[in-house]
1. Hey, rough spin-label estimate for B:Thr375 and B:Lys17, points 7 angstrom out along Cα→Cβ, what's it come to in nanometres?
2. Is the shape of chain A best called rounded, prolate or oblate, per the rule: a/c under 1.5 gives rounded, else a/b larger than b/c gives prolate, else oblate, with a ≥ b ≥ c the square roots of the Cα gyration tensor eigenvalues?
3. Specify the inter-centroid distance of the stretch B:192-239 and the stretch A:74-105, based on alpha-carbon positions, in whole Å.
4. For every other residue with a beta carbon closer than 13 angstrom to the beta carbon of B:Tyr136, add +1 if it is Lys or Arg and -1 if Asp or Glu, then tell me the sum.
5. Nearest 0.05, what FRET efficiency do A:Thr90 and A:Leu644 give at R0 = 41 Å with Cβ-Cβ as r?
6. I'd like the interface area for chains A and B: accessible area of each alone minus the complex, both sides summed, 1.4 Å probe, protein heavy atoms only. What is it in Å² to the nearest 100?
7. So which residues of the stretch B:147-163 lose at least 10 Å² of accessible area, probe 1.4 Å, when you go from the chain by itself to every protein chain present?
8. Show me A:374-384, A:255-265 ranked by packing, highest mean number of other Cβ atoms within 10 Å first.
Number of protein chains: 2
Amino acid sequence: MSSKTKVNADLQRERDKCSFNITELTNLLDGGAAMTEERRRREETVLKEGIHIEEVPSEYLSHKEKYELAVKKACLLFKLIRRLQEEENTGMESFRAVLGGSLGAAILQDGSPLTLHYVMFIPTLMGQATVEQQAYWIGRAFNLDIIGTYAQTELGHGTFIRGLETTATYDPSTKEFVLHSPTLTAYKWWPGGLAHSANYCIVMAQLYTNGQCHGIHPFVVQLRDEETHMPLPGIKVGEIGAKLGMNGTNNGFLGFEHVRIPREHLLMKNSQVLEDGTYVKSPSSKLTYGTMMFVRVVIVKDMCNYIAKAVTIATRYSAVRRQSQPKPDEPEPQILDYLTQQHKLLVGISTAHAFQLSAEWIWNMYNNVTAELETGDMERLPELHALSCCLKAVTTAEAASVVERCRLACGGHGYMLASNLPLTYGHVTAACTYEGENTVLLLQTARYLVKAWQQAAAGTSLPPTVRYLSRAAAARKPRWDNSVSGLLHGFETLAAGKIALCVANIEKRQKSGLSYEDAWNMTSVQLAEASEAHCRVFILSSYYEETERLVKSSSPELREVMFQLVDLYIVYWALQRIGDLLRFTSISERDIEKLQYWYEDLLTKLRPNAVGLVDAFDLRDEILHSALGAYDGRVYERLMEEALKSPLNAEPVNQSFHKYLKPFMQGKL
Amino acid sequence: MSSKTKVNADLQRERDKCSFNITELTNLLDGGAAMTEERRRREETVLKEGIHIEEVPSEYLSHKEKYELAVKKACLLFKLIRRLQEEENTGMESFRAVLGGSLGAAILQDGSPLTLHYVMFIPTLMGQATVEQQAYWIGRAFNLDIIGTYAQTELGHGTFIRGLETTATYDPSTKEFVLHSPTLTAYKWWPGGLAHSANYCIVMAQLYTNGQCHGIHPFVVQLRDEETHMPLPGIKVGEIGAKLGMNGTNNGFLGFEHVRIPREHLLMKNSQVLEDGTYVKSPSSKLTYGTMMFVRVVIVKDMCNYIAKAVTIATRYSAVRRQSQPKPDEPEPQILDYLTQQHKLLVGISTAHAFQLSAEWIWNMYNNVTAELETGDMERLPELHALSCCLKAVTTAEAASVVERCRLACGGHGYMLASNLPLTYGHVTAACTYEGENTVLLLQTARYLVKAWQQAAAGTSLPPTVRYLSRAAAARKPRWDNSVSGLLHGFETLAAGKIALCVANIEKRQKSGLSYEDAWNMTSVQLAEASEAHCRVFILSSYYEETERLVKSSSPELREVMFQLVDLYIVYWALQRIGDLLRFTSISERDIEKLQYWYEDLLTKLRPNAVGLVDAFDLRDEILHSALGAYDGRVYERLMEEALKSPLNAEPVNQSFHKYLKPFMQGKL
């Protein structure tokens, strides 16, 4: 914390009046004082290397220069991680500690062309290669003799994996697979690092042998010469072009013209092709679910980090910025004093907490289910899958909306890249699409919920996260209770009500002659909403329960503010869902008016702690990377300092004056 | 229309099955066949100059290169406009015809550093200079002897104009004003073209004379030498840095160190400072409202154009893109067949229509009120002001959400700049902040509504756009009527109900001891929502009424689809506002379920006409500028063509391999 520099007086006053101990909250969020210490030490170690420092801020570079900077930064950062792994004698832990969370993202601002090597290439080898294959490949990958990536989506195919077109046809005469892209839409499209960075790649392709297609399988393919880095014959590789964000990730395309690879390059842990072309099937196809769910849980944690960053920036700025004069004889108030501004920011703070605690809850569930899987017990897999789908969809959409609200809450200055809010939005909104498009995911959860509702109606007992459906199926519209626990029950009742209504509508449509698929499609807008309502039940109740558990031994001051935040989040969502509550519960107009007052009262109570709450996220200035959000609140000085870094400001007169403007003015253009 | 190239078969099939005549709708939207002709001819004239064609797409350029390209394009485009003005013997009309609408925006993709010269510098001279001043300045500005801009906002001050810090102190001894920036926060910040393009500027500053401050006044200030373009002594000028979008606008900062300008450089149409320093007050300060409201109406029209662009891109893409396999034996459906996708796109199409018709309605009102103003009648000014505030806020926020929904509806490919959706979002979201921050504007409208409600309650008759408050004040909760006109009445009832509740809450809080200002602030979240509800009444009813008027002589086929769109928009918003309808009207659960079915049925009915509806916006490929949205639907071919334009793809191996990647792999970095 840069506590030595002079802090803006308004911001200092906010800190002085904070009612709780900020460090206590930081420790709570980190999982204990020791964890805070460790995180801070790690941040210090990594940041003192200076990899994050940019001669010219990357926003002024060309697309090509951005990529070159990203390669440089990624190489330096991964070199550092390798050093830390040796020094600390850890494996993937150092890797996760540095790259997970806000630290890695702050250094690799525009994304990294090497991340998929660690996040997808090596893990896929570990998960899908046989022991012999692992012996050959994993060492080479760990030693960086080769750099890999993972290519699944194609130009014409994303979510629907069975639709992929790339073929791998076994030729028993040479004991090789022939990889081919039969059409333009079969070109691999999107994989990070694929364009100009990786020299190897795991390619997902339709496996053909003896004239039969056996579906999608993973193949290791060499793309480039290990010495010269030139693309190998038959390999068409390049980058897909500029994007809304993450222009350092080097997303690429890849096409094959009858490229031959040895039979052994099919990863054969689960399925094999024998020398004569005989296909031997995998014992279970559910084993790959694990990684997918792991990635989704990681995404929820990422969302917390992005939200924490955005609300820290916007809240500190709102304490420094002054505007208007509602009362004639008083100075312009801090914009944080406006209730509408508190409404935009404080809910953001509680959202970060809510997502962190939900993420921890599902993380524990993930570990339990994985442990059960090892013993062959797959009972809770569908439940976990359904939960991870809707949670990924709801948290990414909500994070995007919170980050954008924070940006807009900073007015014009939020539109400047120096605020770091646009870049943050670019990262967050990408998560709405990758690893499962959000609407598709909500409908996957809906399939599970419809089944669960039918089971509940039939009296079958349900797994924990949908057990409320059984209660709701038994008795609807209980007497309304306008407390937090009453609201939580209300959300259960409304989620169950929406699911029940969807089931009824599907049945009604089937009776009127539609096929199940068409009836499902016609009801899918409602289904997606029901899925969101289910997810809301989970987020609200896990936030509430985990907070209760978490603050058991906290100081009374901290407990108070933590529960105010929980209340705020729950009451906020109740007010957002008044229509559903009115439809499916017995809430009254008087109750609603009380909720509105409660909400406004909570904003006022939390207002004095707003800066303390964001300080507790303990995001260093290097991580925030924002002229508006720095710890010292020198907003205007920093905005000017950042402006002066623009290469345009290096010369008083730009060449375009002589080239275009002057001739234009003189009528000589 | 590039009808000669081969069109994607799916897209062609969509066009073949369209139930109405697309040209008929285009003519309707343009205001007649002659207008369509004229627009097309103009587009042809302008586009054949090729100013929009970029050697390297601008997304690959550095920030500095983007500015230089923007100067080049702006000079060429304004030169063309000058030529057209001479050829067609028109004044500002050619200017508006080329720059207004989608055409200018498509050419000046990243914004233009010269726009404010025409949009603010010249109009301010015309509005605020005396006849003598106009004689001197306007000719020079029209001839481009000088290029100007308009500087109002400061680093520390935006919305609250009275808070501006720049001073202009009159020195009677030299008959000069001394311009000064007393603090860093007094620096002008944001004006387009200010950084390196303009050599003159209208500066808004606090006028001091004889030791007294007379508030904000406009001064003409020379910034740069007319020959060398070097900044003049005491002028600190530069650019503010990179932004989320519009990086060609050359937004600048400007500080003064005791800069002296002649007394005559104060624009004195409204107020004067005599030679001895005597201040002579303006007869009316309301005269400047006009421009502000004009700009807001123009913004609403801009929003239509952006929405039309985004839905055209996303709808055509959704007709080409195929995904998943809900029925085992059938091919992957077009994603436009999914109800969730129709839900995202069709509402967007109706929003474009709704905004266009609301914009026309308020445009007529604006012209009437301006005519009344000329006769000294200011009666409808507050009503127009209140309406323009909330309409700007609601339409920009909704446009941003529609554009972003369209982008997300295109999955990963929507994230690519080649889709043109991110750039479009960058323009639209900026409008949420400039020309009045949206929350501030909603609360300005709310002030008017609170007064109007009190007048209604007291039995005073109200102006047309708030007259519904009188009806609602008289009788609440009429019997529910589940038709379009019933819904429109429902929206009036709920808006009135929300305003009444706000008034009651403010009074309650005042009674409990709060000042009016504090009671207002505590109720401001509700007030902003009430203001949105009022605006919704206006948009929904003007959309409905204007459509009725517009389609009177249309073919039955077109009438049918136009009313389906109106119904869709109204039912969509009813479903979005079920909570409010349940609170403030007598709508029942059965009514809601019927609305939901009605909505889903409308989506299905409109589905076959989706492509025809966006074709009717008649946006040329050069204007759409999107690989996903071109008329021929060659989505995948264009994506690949665009990718190959990336400078990174010009070399098979990037230099960073030799510089970083290889040494890193070999452990030699």
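1. My value for the distance between the label points is 5.5 nm.
2. Numbers: a/c = 1.75, a/b = 1.14, b/c = 1.54.
Verdict is oblate for chain A.
3. Centre-to-centre (Cα) distance: 52 Å.
4. Numbers: positive: B:Arg140; negative: B:Glu132, B:Asp145, B:Glu264.
Residues near B:Tyr136 contribute -2 overall.
5. Numbers: r = 42 Å, r/R0 = 1.02.
Efficiency for this residue pair is about 0.45.
6. Numbers: alone 30850 and 30810 Å², together 49840 Å².
Approximately 11800 Å² gets buried when A meets B.
7. Buried-area filter returns B:Ile147, B:Leu155, B:Gly156, B:His157, B:Gly158, B:Thr159, B:Phe160, B:Arg162.
8. Values: A:374-384: 13.4, A:255-265: 17.7.
Top of the packing list down: A:255-265, A:374-384.
The values are calculated or read from the model by the stated rules, or taken from the named source; none is laboratory data. From a predicted model like this one, the values you see are computed outputs, not experimental measurements. All Cβ positions, even for glycine, are placed from backbone atoms using ideal geometry, and neighbour counts span all protein chains on display. Please note that ligands, DNA and RNA were not included when accessible areas were found on the heavy atoms of the full protein model with its side chains. Shrake-Rupley method; radii C 1.70, N 1.55, O 1.52, S 1.80 Å.
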